[in-house]
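Okay, structure first, notes after.
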Amino acid sequence: MSQQQPGRRTALKAAGAGALAVAAGAMAADPASAQHSTTTIRDEHALAAQLRRALPDDRVLVRGDAAYDAERAAYHRVIDHHPAAIVVPCHADDIATAVRIASHHRVPIAVQATGHGISRSAHGGLLINTRHLKRIRIDAAKHTAAVSPGVLFSELIDAAAAHGLAPASGSAVDVSVTGYTSGGGLPVIGRTVGYAADHVTRVDLVDAKGRRRRLTPHRDADLFWAVRGGKSNFGVITEIETALFPLTRLYGGNMLFTGGIPELLRAYQKFTRNLTERMTTSLVIVNVPTDSPAFPDPLRGKTLAKLRVAFTGNATEGEKLLRPLRALNPAQDSVAEMPYTDIAKIYADPAGPIRTRERAGALRALDDTTLRRLLRAAGPDADRPPMIVEIRHLGGALARAPKHPNAVGPRDAAFNLFVADVAPDPGKDTALEARQQQLFDILGPSLTGHTQPNFLTDHDKTATRVRRAYRPRDYERLTTLKRRYDRHNLFRVNHNIPPAA
Ligand SMILES: Cc1cc2nc3c(=O)[nH]c(=O)nc-3n(C[C@H](O)[C@H](O)[C@H](O)COP(=O)(O)OP(=O)(O)OC[C@H]3O[C@@H](n4cnc5c(N)ncnc54)[C@H](O)[C@@H]3O)c2cc1C
């Protein structure tokens, strides 16, 4: 992904063209995070001066430097922050140096590759932007890839495809392999392969003291467990080694339905029962605002739905499985044999930058009661529904414990739930959040109470919400490890796991 300069921009695509509409632009400050940082102006100058002495000049940026705005810009424009300094490393040693200096000044540290998962303001802190670290090494015989933290999935997918292999990538290919995998990584083919974090064989990390560590199932095994799910709470990942799959093609794509949503939901409920784990799908309901410039006139004010399909079996079998859904006459249908390298077309996520309000959760099951609640909260007759409500089918390999346990879990939900509203105007955030809360209230007992780490948003900054991303005993273990490895909570500009008291 090429980073966008900050500023007001509108990136709109019609649903008919395969994407959901997004409006980018207006940026909001994050007062909670500003309070979070205790750095003073004097510290800021001292930090920048020391970083400049220790690192080549062009790797340290402060306000006023030409590249400062480009390096602090994020895909998600909900947070507009001004870190005291930005380090743009060319090597893992630069990261170690920067962390040692920040640690000396007790300055909070944020890590960013793309800003797809920005959660807190790094105002007054140190931002390490890894986006220029782009090394990919593929071991075709072992089916593994070792990637630097700036590598995007689009880059790894292309490199792996040259060897007939594929990574466990998510819906958007312009996220970093490292950021996604450190939060679990829910792949488009998740039911077939499980979480991306389940396939990591090695992690290189710079810890809170600025020490470089190599983590494997047998070396620093507790940290190896924690960083696969714990995101940046334990340090900066400088390389991840992960398995690749011998996969060059899929039977995949999406179908757009412009009516008959209750019937579609019932058919989808039946379809997902006892389904082979080679089939992973999601269903997104889109309530198109009446004034949305992103949609053609006839679709405005309508409730649409899009089925996203990724089948790792053959086309004949896939076609047979999808017959009951095709019988509902989708207005558009792109599901066909496709190369894995085209996987981004299945979800057609927006290129960004975007400004949205988002919430996520998980459904216990898609039983009749849940289906009724979903329709009440997001169907054609819903009162002020959120714009985008997606349920993504879990189970299969996602429900199984990995060979080397990690902090990803619980694994018993039937569907991931993702809710979003395009929010170009921060003044309307409160109303949109109320609308989303209404959906969560209606779904109530159908929810597991869990949210996957990668689906926590800037809305989920509190300790209570972060806690819900983990199994209770895992969360306790994470806080204990946090106390051991990051006692001063330097890595707190994230979905923070605080050190145990
Ligand atoms: C359009 C879209 C589609 C998505 N689809 C999926 C999906 O299908 N499945 C899924 O699981 N997730 C999905 N996500 C969520 C995404 O995987 C997470 O937001 C992920 O953290 C993005 O990583 P990043 O590095 O690109 O983003 P950044 O915002 O740069 O980083 C987000 C966080 O990742 C961690 N991180 C990044 N780099 C490092 C590092 N070097 N060391 C330690 N921690 C690091 C940090 O905690 C950081 O705050 C999607 C997000 C978007 C916006």
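The values are calculated or read from the model by the stated rules, or taken from the named source; none is laboratory data. Predicted, not measured: the structure shown is a model, and the values here were computed from it. All Cβ positions, glycine included, derive from the backbone under ideal geometry; neighbour counts span all protein chains shown. Ligands, DNA and RNA are excluded from the accessible area calculation, which covers all protein heavy atoms including side chains. Shrake-Rupley method; radii C 1.70, N 1.55, O 1.52, S 1.80 Å.
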For segment 465-491, which positions are surrounded by fewer than 19 Cβ atoms within 10 Å (Cβ to Cβ), within 20 Å of the chain's Cα centre (by Cα) and in contact (Cβ under 8 Å) with a residue 60 or more places away in the chain? 471
Subset of segment 230-249, residues within 30 Å of residue 162 (Cβ to Cβ) and open to solvent by less than 20 Å² (accessible area, probe 1.4 Å), comes to 236, 237, 238, 239, 240, 242, 244
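Residue by residue, here is whether (1) out of contact with any Pro (no Cβ under 7 Å at 6 or more places or on another chain); (2) free of Cβ contacts under 8 Å to residues at least 12 places away in the same chain holds:
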{"site": "142", "(1), (2)": "yes, yes"}
{"site": "149", "(1), (2)": "yes, no"}
{"site": "154", "(1), (2)": "yes, no"}
{"site": "160", "(1), (2)": "no, no"}
{"site": "166", "(1), (2)": "yes, no"}
{"site": "171", "(1), (2)": "yes, no"}
{"site": "181", "(1), (2)": "yes, no"}
Among the residues of segment 186-204, count how many are near the ligand (Cβ under 8 Å from one of its atoms) and under 18 Å from residue 130 (Cβ atoms). 1
Residues in segment 123-136: is at least one surrounded by fewer than 23 Cβ atoms within 10 Å (Cβ to Cβ), out of contact with any Cys (no Cβ under 6 Å at 6 or more places or on another chain) and assigned to a strand (DSSP E or B)? yes
Only one of these conditions is not met by residue 207: (1) within 13 Å of the ligand (Cβ to nearest atom); (2) acidic (Asp, Glu); (3) surrounded by fewer than 19 Cβ atoms within 10 Å (Cβ to Cβ). Which number is it? (3)
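Residues 150, 183, 179: which one is under 17 Å from the mean Cα position of the chain (by Cα), open to solvent by 10 Å² or more (accessible area, probe 1.4 Å) and within 11 Å of the ligand (Cβ to nearest atom)?
So the residue among 150, 183, 179 that is under 17 Å from the mean Cα position of the chain (by Cα), open to solvent by 10 Å² or more (accessible area, probe 1.4 Å) and within 11 Å of the ligand (Cβ to nearest atom) is 179.
Limited to segment 460-481, what total is found for residues that are among the charged types (D, E, K, R) and touching a helix residue (DSSP H, G or I) at 6+ places or on another chain (Cβ under 6 Å)?
Number of matching residues: 1.
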Being over 30 Å from residue 73 (Cα atoms) and assigned by TED's automatic domain parsing to the domain that holds residue 260 narrows it down to one residue among 401, 344; which is it? 401
Of the conditions (1) open to solvent by 20 Å² or more (accessible area, probe 1.4 Å); (2) assigned to a strand (DSSP E or B); (3) more than 10 Å from residue 249 (Cα to Cα), residue 316 satisfies every one except a single condition; which number is it? (2)
Out of (1) open to solvent by less than 10 Å² (accessible area, probe 1.4 Å); (2) within 14 Å of the ligand (Cβ to nearest atom), the odd one out for residue 253 is which? (2)
Scan of segment 440-462 for residues that are within 21 Å of residue 368 (Cβ to Cβ) and in contact with a strand residue (DSSP E or B) (Cβ under 6 Å, 6 or more places away or on another chain), ordered by number: 446, 447, 448
Considering 106, 77, which residue is within 12 Å of the ligand (Cβ to nearest atom) and of a type outside the set (S, T, N, Q)? 77
Can you name the condition, by its number, that residue 159 falls short on among (1) touching a strand residue (DSSP E or B) at 6+ places or on another chain (Cβ under 9 Å); (2) farther than 30 Å from residue 45 by Cβ; (3) in a loop (DSSP other than H, G, I, E, B)? (3)
Residue count for segment 172-187, restricted to those that are within 19 Å of residue 469 (Cβ to Cβ) and in a loop (DSSP other than H, G, I, E, B): 6
